[in-house]
1. Do you know which residues across the range 231-260 are within 16 Å of Asp106 (Cβ to Cβ) and either out of contact with any Asp or Glu (no Cβ under 8 Å at 6 or more places or on another chain) or among the aromatic types (Phe, Trp, Tyr) (or both)?
2. Give the residue, chosen from Leu135, Leu146, Leu112, Leu184, that is within 30 Å of Leu247 (Cβ to Cβ) and buried (at least 16 other Cβ atoms within 10 Å of the Cβ).
3. Here's a check for you: in the range 225-281, which residue that is assigned to a loop (DSSP other than H, G, I, E, B) and within 14 Å of the chain's Cα centre (by Cα) is surrounded by the most Cβ atoms within 10 Å (Cβ to Cβ)?
4. List pairs: first residue in the range 134-147 and more than 14 Å from Ser159 (Cα to Cα), second residue among the acidic types (Asp, Glu) anywhere in the structure, Cβ distance under 7 angstrom, at least six positions apart or on different chains.
5. Of the numbered conditions (1) under 30 Å from Gln223 (Cβ atoms); (2) in contact with a Ser or Thr (Cβ under 6 Å, 6 or more places away or on another chain), Tyr67 fails exactly one; give the number of that condition.
6. In the range 69-118, which residues are of a type in the set (Asp, Glu) and either touching a strand residue (DSSP E or B) at 6+ places or on another chain (Cβ under 9 Å) or assigned to a strand (DSSP E or B) (or both)?
7. Six or more apart or on different chains, Cβ under 6 Å: which pairs go from a residue in the range 169-194 that's over 11 Å from Thr158 (Cα atoms) to one that's exposed (fewer than 11 other Cβ atoms within 10 Å of the Cβ) and among the hydrophobic types (A, V, I, L, M, F, W, C)? Could you list them?
8. Quickly run through the range 1-56 and pick out the residues that are loosely packed, with under 13 Cβ neighbours inside 10 Å and within 19 Å of Ala97 (Cα to Cα).
Amino acid sequence: MPTVFNLLAGDVVPQMGFSPTQNQNGGWQASRDYYMLASTWEGATVQNRFSRGTPITTADPSVSSVYGFLTIESKVASYEDSGTVRLTVNYTGSASAQFGGDGGGDLTLEALPVYRMEGRLRELPFSQHPKWKVLPDSQKYALGLLVDGHVIRDSQDTSYVGIIVDEDGLFLRTSDVNDNDIQLTGDALEFADRIGEGQSTWEAPTLTWTETTQGNQGLTPPQIGKLGEISTPRGNPPTIPGYNWMLTGASQEQKGELYQTTLEWTLSPPDGHDAFLYTFT
């Protein structure tokens, strides 16, 4: 039951029920109610005592110093008919950092990461399609010109592409390095049909792998520096021959002095992310 009797000016009475809880990501949360006169709550001394970011041991000296890492994240002041205020204070924090090790890019032993894998579809150009990648180079070259609008299909034989070179409609076919006309066959013709219909992309399946953890620091420069780079996720992501992972997302959320960080990796197309473009020194 709340303690509301015999309150004097300046009294701040902590209520029963202080239960700090550590969540699955490693962060701690707790709340506690305090009773006081409305005039006490409205005074500068108590307002400063319960200001956002204040350590719990300053706001509430009755709490063990074991939880000294908790700070005030938010609060609710409820005015009651008796002329008192019931102040509900929410504390958050962590006793450890998420990242450490060589360069500050590795998880510390105290971090409690949660991993999540998600399958989704994303739009990719035809050039990333497995059926495109196995085409002869000459046919990929001709299709690339067709996608970019540099050439059109021959109205007499649609297996060839090229340009009209004069007012009489003379059609100059695209040729390979040996000056041979490039003829589209098999899957190349199928791609050409779809390009003619205005298509140039396809819905490709992909996997994302996310790591979420909480601690008393945000993302470190070494973590942010890996964004857009080929890297192997922590945890136990699936390993598929010919595929690799890239760090494609990094975000953080702060509540008081508690930071939640999320890193996301994306699985590559079948032949992997381009090591030349996405491996940095």
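1. Within the range 231-260, Ser231, Thr232 qualify.
2. Testing whether each residue is within 30 Å of Leu247 (Cβ to Cβ) and buried (at least 16 other Cβ atoms within 10 Å of the Cβ) leaves just Leu112.
3. Checking each candidate, the answer is Pro233.
4. Matching pairs, first to second residue: Leu135/Asp187.
5. That leaves (2) as the condition not met.
6. Listed by number, the residues that qualify are Glu73, Glu80, Asp106, Glu110, Glu118.
7. From residues that are over 11 Å from Thr158 (Cα atoms), the pairs are Leu172/Val165.
8. Thr21, Gln24, Gly53
The values are calculated or read from the model by the stated rules, or taken from the named source; none is laboratory data. If you're wondering where the values come from, they're calculated on a predicted model, not measured in any experiment. Using ideal geometry, Cβ is built from the backbone for each residue, glycine included, and neighbour counts are taken over all protein chains shown.
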